[in-house]
Amino acid sequence: MGSRTRRVARRPLFWALVTGVATFCLLPFLWQLLTSLKSNSEISTLPPLLPTRPVFDHYLAIFQDRPFGRFILNSVIVASLTTVSCLSIGSLAAFAIAKLQFRGRNLLLFSALSISMFPPIAAVSPLYLLIRAFGWRDTYAGLVVPYTTFALPLAIWILWSVFREIPDELYLAALVDGCTPFQVFVRIFLPLAAPGIGTAAILVFIFAWNEFLYALTFTSTETMRTIPVAIALFPGLHEIPWGEMAAATIVVTTPLILLVFLFQRRIVSGLTAGSVKG
Amino acid sequence: MRGDRAFLMILPAYLLIGAVAIFPILNAFRISLDRRMPVFGISYFVGLDNYRFLIQDPRFWQSFLNTTYFSMLSVSLELTLGLIMALLLHGSFRGRGLLRAVVLIPWAIPTVVSARMWEWILNPDFGLLNYLLQQIGLLSSPLNWLGDRVFAMHALILADVWKTSPFVAIILLAGLQMIPEELYEAARVDGAGGWQIFRRITFPLLLPFILIALLFRTLDAFRIFDLVYVLTGGGPANTTETLSLYAYKLLFQTLQFGYGSAVAVATFLTVLLISAACILLLRRQSHG
């Protein structure tokens, strides 16, 4: 960065914008945090903005009166299985596309890219019939298989751009030493691509953790709900219990915020992989 | 190098994409030619009847217009705010890493959760927005934002801008980082001012990235479902019903599988047209 940015950084307008953007991004989250710590009587009146005495009743309630632990478990299982299967299948395909010569490799990249563009609603009715026919409603497989498929383009795209950077000589030298292409992939390319694989894993995990339409459609019993479905169908007697809702949103967003703070560089590089190189 | 091995490596990906993505899409076309109500065991071929009905269905056209309005307004606001965020993040200042993480938070939060957050802020009785606006004297009595025919749509747009501007910012930041510093220095030596530098250097070189962000965001906005489902449910009086939500209601609430699939297919075709137009635009940009 040259003198221009340093000069800009001193201006009050710059800092006003930084503060404004940061407030805008954080405010809804902070407001939920404050709400989750208020007693019900304080929730239904303003002011006070801040809880006079923080209470943790709402946090207890979502785990004791509601199966919120189960929802979290469902989401963790579905998102983890999706991440593992998507990266296994995606890294093999990305390696083949990046380093092996075969007919139709551009076709795979193209079809991966184009399915990432279509609206999920377009496939939901036939997928629903398919999953019902398989007896996969209310099962983890009924979510993991579609999620793996629809996250594949993302994984293939990121990993392809990583594998492409690894020199061909490395691949050829290993072949000369008697490795099979699969051994080269496992022993040389996977370790070298570890950071890129981490990036893809984070993005696929977040995708699966947040998906809503298929989770809503392919589950019918309450115990099989994932977090987004549970939050969307949050039952209340007359009105939404906002204290418990706030506690629930804080519980499910805190891990994501930790993820963002720990891996912001990886996330940024993953999001830009397609647009910069493609 | 060896064709057979390569084939084995891509086979799982091909199988999944074929069976779980492409086959269902084609099947949706097929189902849209039927009158189907699976719960009642009704299923027979009606040809293009569903599409004939669709062309005259005012609710389809309203959801089409709602989706278009939502997409155009939210994407233009997101590009503006995203550009501002990217320019801020491109500067070198203490706390840049922190700001980058803070900006990413809305992007990482599930859309359903962000919808609940905004629903609470916009709550007519205990909402923060009504309280703040009344405190500073902009509002004399609380407004029911989500129950209002005009405000409800704009509340959706606000929540969407909050959630997705960071994505635009990250794409544009990548673009900004690829502009060589020498260009700026040369322009400054020639006596160019800040605005001139932005207009003559930053903006033209950033344009391909703006177009990519435009493409991704438009496609994403056009299939909006989660946010509307939670925040307004399409109301009041269907003024915020989008194409995906209308198709969902037809498919899983009134159980019209044939017609619901036709609406879903129409959504798909519209998205296809938009992406074709955007890609043409990108091509022309990169060749000229």
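The values are calculated or read from the model by the stated rules, or taken from the named source; none is laboratory data. Keep in mind that what you see is a predicted model, and the values were worked out from it rather than measured. Cβ: placed from backbone, ideal geometry, glycine included. Neighbour counts: every protein chain shown.
Please enumerate the residues belonging to the range B:1-47 that are outside any helix (DSSP H, G or I), buried (at least 18 other Cβ atoms within 10 Å of the Cβ) and among the small types (Gly, Ala, Ser). Walk me through it before giving the result.
From the range B:1-47, those outside any helix (DSSP H, G or I) are B:1-2, B:32-37, B:41-47; that's our starting set.
Among the residues that remain, those that are also buried (at least 18 other Cβ atoms within 10 Å of the Cβ) are: B:32-34, B:36.
Matches in the range B:1-47: B:Ser32 only.
Quick check on my filter: what residues within the range B:94-150 are more than 8 Å from every other protein chain (Cβ to nearest Cβ) and of a type in the set (Val, Ile, Thr)?
Residues satisfying the conditions are B:Ile136, B:Val150.
Look at the range B:165-192 and say how many of its residues are closer than 30 Å to B:Ser74 by Cα and in a loop (DSSP other than H, G, I, E, B). Working first, answer last.
Let us first name the residues in the range B:165-192 that are closer than 30 Å to B:Ser74 by Cα, namely B:165-179.
The next check asks that each one be in a loop (DSSP other than H, G, I, E, B); those that pass are B:178-179.
Qualifying residue count, the range B:165-192: 2.
Go through (1) surrounded by fewer than 23 Cβ atoms within 10 Å (Cβ to Cβ); (2) of a type in the set (Gly, Ala, Ser); (3) in a helix (DSSP H, G or I) one by one and return the number of the condition B:Ala247 breaks.
With (1) surrounded by fewer than 23 Cβ atoms within 10 Å (Cβ to Cβ); (2) of a type in the set (Gly, Ala, Ser); (3) in a helix (DSSP H, G or I) applied to B:Ala247, the lone miss is (1).
Name the single residue, out of those in the range A:227-254 being more than 9 Å from chain B (Cβ to nearest Cβ) and at pLDDT below 90, that is nearest to the chain's Cα centre (by Cα).
Applying the filter and picking the extreme gives A:Pro235.
Pull out all pairs, ordered by first then second residue, where Cβ-Cβ is under 9 Å, the residues are six or more apart or on different chains, the first lies in the range B:56-81 and is without any contact (Cβ under 8 Å) to a residue 60 or more places away in the chain, and the second is assigned to a helix (DSSP H, G or I) and small (Gly, Ala, Ser).
Here the result reads B:Met72/B:Ala221; B:Thr80/B:Ser165, each pair linking the range B:56-81 to a residue that is assigned to a helix (DSSP H, G or I) and small (Gly, Ala, Ser).
Consider the range B:1-21. How many of its residues are more than 7 Å from every other protein chain (Cβ to nearest Cβ) and aliphatic (A, V, I, L, M)? Walk me through how you get there before you give the answer.
Taking the range B:1-21 as the starting set, the residues that turn out to be more than 7 Å from every other protein chain (Cβ to nearest Cβ) are B:4, B:8, B:11, B:15, B:18-19.
Those still in the list that are aliphatic (A, V, I, L, M) too: B:8, B:11, B:15, B:19.
Number of matching residues: 4.
Quick check: is even one residue across the range A:190-197 crowded, with 21+ Cβ neighbours inside 10 Å and small (Gly, Ala, Ser)?
Within the range A:190-197, one or more residues are crowded, with 21+ Cβ neighbours inside 10 Å and small (Gly, Ala, Ser).
Please tell me if A:Leu33 is in contact (Cβ under 8 Å) with a residue 12 or more places away in the chain, closer than 20 Å to B:Leu122 by Cβ, assigned to a loop (DSSP other than H, G, I, E, B) and not basic (Lys, Arg). Write out each step before concluding.
Details: in contact (Cβ under 8 Å) with a residue 12 or more places away in the chain: yes; closer than 20 Å to B:Leu122 by Cβ: yes; assigned to a loop (DSSP other than H, G, I, E, B): no; not basic (Lys, Arg): yes.
No, not satisfied.
Please specify each residue of the range B:199-231 satisfying the condition of being surrounded by fewer than 23 Cβ atoms within 10 Å (Cβ to Cβ), more than 10 Å from chain A (Cβ to nearest Cβ) and not hydrophobic (A, V, I, L, M, F, W, C).
B:Arg199, B:Arg200, B:Thr202, B:Pro204, B:Thr218
Restricting the first residue to the range B:160-185 and requiring it to be within 7 Å of another protein chain (Cβ to nearest Cβ), which pairs with a second residue that is among the charged types (D, E, K, R) and assigned to a helix (DSSP H, G or I) meet a Cβ separation below 6 Å and a spacing of at least six or different chains?
Partner pairs satisfying both residue conditions: B:Tyr184/A:Arg4.
Would you confirm whether any residue within the range B:35-55 is more than 30 Å from B:Tyr259 (Cβ to Cβ) and either out of contact with any helix residue (DSSP H, G or I) (no Cβ under 7 Å at 6 or more places or on another chain) or of a type in the set (A, V, I, L, M) (or both)?
Initially, the range B:35-55 is screened for residues more than 30 Å from B:Tyr259 (Cβ to Cβ), giving none.
Checked the range B:35-55: no residue is more than 30 Å from B:Tyr259 (Cβ to Cβ) and either out of contact with any helix residue (DSSP H, G or I) (no Cβ under 7 Å at 6 or more places or on another chain) or of a type in the set (A, V, I, L, M) (or both).
Quick check on my filter: what residues within the range B:267-288 are surrounded by 14 or more Cβ atoms within 10 Å (Cβ to Cβ) and within 17 Å of the chain's Cα centre (by Cα)?
B:Thr267, B:Phe268, B:Thr270, B:Val271, B:Leu272, B:Ile274, B:Ser275, B:Cys278
Quick one: B:His90 ticks every box in (1) within 24 Å of the chain's Cα centre (by Cα); (2) within 12 Å of another protein chain (Cβ to nearest Cβ) except a single one, so which number is it?
Condition (1) is where B:His90 drops out.
Give me the helices (runs of 4 or more DSSP H) completely within the range A:162-247, filtered to those with at least 3 residues that are closer than 27 Å to A:Leu81 by Cα, ordered by residue number. Explain how you work it out, then say what you get.
Numbers: elements: A:168-176, A:181-184, A:194-210, A:213-218, A:227-232.
So the answer is A:181-184, A:194-210, A:213-218, A:227-232.
Just a yes or no: is a residue in the range A:139-147 assigned to a helix (DSSP H, G or I) and free of Cβ contacts under 8 Å to residues at least 40 places away in the same chain? Walk me through it before giving the result.
Within the range A:139-147, the subset assigned to a helix (DSSP H, G or I) is A:141-147.
Next, from what is left, pick out any that are free of Cβ contacts under 8 Å to residues at least 40 places away in the same chain: A:141, A:145.
Yes, some residue in the range A:139-147 is assigned to a helix (DSSP H, G or I) and free of Cβ contacts under 8 Å to residues at least 40 places away in the same chain.
Run A:Leu233 past the list (1) touching a residue at least 60 places away in the same chain (Cβ under 8 Å); (2) surrounded by fewer than 21 Cβ atoms within 10 Å (Cβ to Cβ) and report the number of the one that doesn't hold.
(1)
Taking B:Leu83 and the conditions (1) assigned to a helix (DSSP H, G or I); (2) more than 25 Å from the chain's Cα centre (by Cα); (3) within 14 Å of chain A (Cβ to nearest Cβ), which numbered condition does it fall short on, given that it satisfies the others?
Evaluating B:Leu83 over (1) assigned to a helix (DSSP H, G or I); (2) more than 25 Å from the chain's Cα centre (by Cα); (3) within 14 Å of chain A (Cβ to nearest Cβ) leaves (2) as the failure.
So if I check each of A:Ser111, A:Ser85, A:Ser41, which one is of a type in the set (Gly, Ala, Ser) and over 30 Å from A:Gly198 (Cα atoms)?
Details: A:Ser111 fails: over 30 Å from A:Gly198 (Cα atoms); A:Ser85 fails: over 30 Å from A:Gly198 (Cα atoms).
Result: A:Ser41 is the single residue among A:Ser111, A:Ser85, A:Ser41 that is of a type in the set (Gly, Ala, Ser) and over 30 Å from A:Gly198 (Cα atoms).
For the range A:25-44, what are the residues that are at the interface with chain B (Cβ under 7 Å from one of its Cβ atoms) and farther than 13 Å from A:Thr249 by Cα?
Going residue by residue through the range A:25-44, those that are at the interface with chain B (Cβ under 7 Å from one of its Cβ atoms) are A:25-26, A:28-29, A:31-32, A:35, A:43-44.
Scanning the range A:25-44 gives A:Cys25, A:Leu26, A:Ile43, A:Ser44.
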